[in-house]
Protein chains: 2
Amino acid sequence: MQYVKSKDGVPGLRERKKQATKVALSEAAVRLAAEHGAENVTVEAISSAAGVSPRTFFNYFESHDDAFLMIDAEVGQRIRRALREAPAEIPVLEVLRDAFLAELTDVAERHEVWSLRAKVFQRSPYLLVRGLGAHMAEERELAQAVADRLGSAAGDRVGLYPRLVASVATAAIRTSIEDWCERTPDVEFAEVFRATFAHLTSGMTPPDTPDTR
Amino acid sequence: MQYVKSKDGVPGLRERKKQATKVALSEAAVRLAAEHGAENVTVEAISSAAGVSPRTFFNYFESHDDAFLMIDAEVGQRIRRALREAPAEIPVLEVLRDAFLAELTDVAERHEVWSLRAKVFQRSPYLLVRGLGAHMAEERELAQAVADRLGSAAGDRVGLYPRLVASVATAAIRTSIEDWCERTPDVEFAEVFRATFAHLTSGMTPPDTPDTR
């Protein structure tokens, strides 16, 4: 996602500190919920575990439940900005590949807390409903951004192709994370991720040798 | 999916009656749950609405909750059989396209009850958890069947490519149903479905004109 970074510059210290605080709060929330159940984890406990005040918590999350979702709306915003700003000659799937890969640099470090989140959701289905709703909203916004990049007129409904790009890219990202989780540390995440998108852009023709590494 | 039908013959009257009873029970369950909430709908009420005895209900569903899921394990079995039995020269995505299209002939009629199901799940998150679990299990079995078709050795882990085929096909099917729901009755479902798979096999290159019909 260099075109975004070169335009806006590297995020400032203030921005990076805010980001780190939000991640720390989410991770604390998920770790506590994995142990005690989300319903039994207070804002005070989460804030204390992350070393901030409960008042600070509400600078980052609108509600108690939001802390467990680990859905960062700013990621979606950066992806959509990449779709707006990337040079027109770069194919849309290539823009998405590079923009998502830039966001997933810490997938290795976050892998454990994502697994915990899955357990928390299993135990507290109302969080799963919220999480799914947020993911579906993200996918719709992504489809809209793809449609905009391809030049849909304002007010047009989002067509089949932009929707498909959004849903297929989302499925591909999930699959590459799952596949990599089983193969780590034998392969780098970026390698699996690039192979996944190469399958998409090559028309999903089977690899020459069964891909069962 | 002719290769399956020609092998096994058209389903017999007995088989079709069983299928119709199962569909009637599921539809009755979802309609009642949309009105009263799944927790408040008894097996007796579902059975009565479908014109069968509660004992018959348990010939079709292992538990009360299963009736609301509308996930037919036999569909997955037929898809996987198509992957085993289709001639080797047919590309795997083409096998999946034709096999799923044969299953989705009644998508138009079932559209309304699927929307009701979404509302029921929203209201009863524990059903959503069960439904998601069942869908994820179906996707894993589909990936295994793709790996088998491509000749993975027994005991091999399922590789990236078969997983990707399963997750991308699932996303594509969902997207084609959503897109068609917005455009019906202007287009046939089969047309949208075939266009979706054509995007997948052509490497997801953007259509010449923005696809916003």
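The values are calculated or read from the model by the stated rules, or taken from the named source; none is laboratory data. Everything quoted here is computed from the prediction, not taken from an experiment. A quick note on method: Cβ atoms are made from the backbone with ideal geometry, for glycine too, and the neighbour counts reach across all protein chains shown.
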### Query
Hey, among the residues in the stretch A:124-137 that are assigned to a helix (DSSP H, G or I), at the interface with chain B (Cβ under 9 Å from one of its Cβ atoms) and not aromatic (Phe, Trp, Tyr), which one's farthest from B:Thr209 (Cα to Cα)?
A:Pro125
## Note on the structure
Residue count, the stretch B:79-90, condition more than 14 Å from chain A (Cβ to nearest Cβ) and surrounded by fewer than 19 Cβ atoms within 10 Å (Cβ to Cβ), comes to 4
### Task
Considering each residue of the stretch A:126-139, count those that are over 16 Å from the mean Cα position of the chain (by Cα) and modelled with pLDDT of 90 or more, and give that number.
2
### Query
So which residues in the stretch B:138-179 are among the acidic types (Asp, Glu) and outside any loop (DSSP other than H, G, I, E, B), if there are any at all?
B:Glu138, B:Glu139, B:Glu141, B:Asp148, B:Glu178, B:Asp179
### Task
Test A:Arg174 against the criterion of being surrounded by fewer than 18 Cβ atoms within 10 Å (Cβ to Cβ), free of Cβ contacts under 8 Å to residues at least 12 places away in the same chain, basic (Lys, Arg) and under 23 Å from A:Glu109 (Cα atoms), and give yes or no.
yes
### Query
Failed condition for A:Gly203, given (1) outside any helix (DSSP H, G or I); (2) at the interface with chain B (Cβ under 10 Å from one of its Cβ atoms); (3) modelled with pLDDT under 95, with all others met?
(3)
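Going by the structure shown, is B:Glu94 surrounded by 12 or more Cβ atoms within 10 Å (Cβ to Cβ) and under 20 Å from B:Asp148 (Cβ atoms)? Before you say what the answer is, go through the steps one by one.
On the way: surrounded by 12 or more Cβ atoms within 10 Å (Cβ to Cβ): yes; under 20 Å from B:Asp148 (Cβ atoms): yes.
When the stated conditions are applied, B:Glu94 passes them.
Could you check how many residues of the stretch A:180-190 are within 10 Å of chain B (Cβ to nearest Cβ) and either on the phi > 0 side of the Ramachandran plot or part of a helix (DSSP H, G or I) (or both)?
Taking the stretch A:180-190 as the starting set, the residues that turn out to be within 10 Å of chain B (Cβ to nearest Cβ) are A:180, A:182-183, A:187.
Now restrict to residues that are either on the phi > 0 side of the Ramachandran plot or part of a helix (DSSP H, G or I) (or both): A:180, A:182-183.
Of the residues in the stretch A:180-190, 3 are within 10 Å of chain B (Cβ to nearest Cβ) and either on the phi > 0 side of the Ramachandran plot or part of a helix (DSSP H, G or I) (or both).
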### Query
Pairs, please: C-beta under 6 Å, at least 6 apart or cross-chain, first residue modelled with pLDDT of 95 or more and in the stretch A:62-83, second of a type in the set (Lys, Arg) and not in a loop (DSSP other than H, G, I, E, B)?
A:Leu83/A:Arg149
### Query
Pick from the stretch B:191-200 the residues that are over 20 Å from B:Val113 (Cβ atoms) and more than 7 Å from every other protein chain (Cβ to nearest Cβ): which of them is surrounded by the most Cβ atoms within 10 Å (Cβ to Cβ)?
B:Phe197
### Task
Taking B:Phe57 as meeting all but one of (1) buried (at least 19 other Cβ atoms within 10 Å of the Cβ); (2) over 29 Å from A:Lys119 (Cα atoms); (3) within 16 Å of the chain's Cα centre (by Cα), write down the number of the exception.
(3)
### Task
Considering only the stretch B:30-67, state which residues are touching a helix residue (DSSP H, G or I) at 6+ places or on another chain (Cβ under 8 Å), part of a loop (DSSP other than H, G, I, E, B) and farther than 24 Å from B:Leu132 by Cβ.
B:Gly51, B:Val52, B:Ser53
## Note on the structure
Of the residues in the stretch B:91-119, those that are modelled with pLDDT of 95 or more, within 14 Å of another protein chain (Cβ to nearest Cβ) and in a helix (DSSP H, G or I) number 6
### Query
Which one of these is touching a Ser or Thr at 6+ places or on another chain (Cβ under 9 Å), facing chain B (nearest Cβ under 7 Å) and at pLDDT below 95: A:Ser167, A:Ser152?
A:Ser152
## Note on the structure
A:Arg117 fails exactly one of (1) touching a residue at least 24 places away in the same chain (Cβ under 8 Å); (2) closer than 27 Å to A:Leu164 by Cβ; (3) buried (at least 16 other Cβ atoms within 10 Å of the Cβ); (4) under 16 Å from the mean Cα position of the chain (by Cα), namely (2)
